[in-house]
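The values are calculated or read from the model by the stated rules, or taken from the named source; none is laboratory data. Predicted, not measured: the structure shown is a model, and the values here were computed from it. Methodologically, a virtual Cβ is constructed for each residue, glycine included, from the backbone with ideal geometry; neighbour enumeration extends over all protein chains shown. The protein model used for the area step is the full one, side chains on, heavy atoms only, and it has no ligands, DNA or RNA in it. Shrake-Rupley method; radii C 1.70, N 1.55, O 1.52, S 1.80 Å.
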Amino acid sequence: MKKIEDGGTSNVWVIKNLANDKYYQKLEERNHKLDAEREEATTFDSQERAISKASILHAELSMLGLGINFKVEEL
């Protein structure tokens, strides 16, 4: 859980690359890193958004012949 300014907490989600046990990090519009440390990982404010992005990444990489699977984790 990640603290927010009013003292409450907010769930955030990250995408884990199961091929290397590292994390997804968005660098620029079309540049991504698939081997970031957990603290560098791009966070998502909902599980659904993270799952959607993981599905897109998997599909894009599968078209290139890379069968990398991803898992969405809560921080």
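Assorted remarks:
- Filter result (of a type in the set (Gly, Ala, Ser) and part of a helix (DSSP H, G or I)) within the stretch 16-75: Ala50, Ser52, Ala54, Ser55, Ala59, Ser62
- Matching residues in the stretch 41-73 - criterion: being in contact (Cβ under 8 Å) with a residue 40 or more places away in the chain and either more than 10 Å from the chain's Cα centre (by Cα) or open to solvent by 80 Å² or more (accessible area, probe 1.4 Å) (or both): Ile68, Asn69, Lys71
- Of the residues examined, Arg38 is one that is open to solvent by 30 Å² or more (accessible area, probe 1.4 Å) and under 15 Å from Leu75 (Cα atoms).
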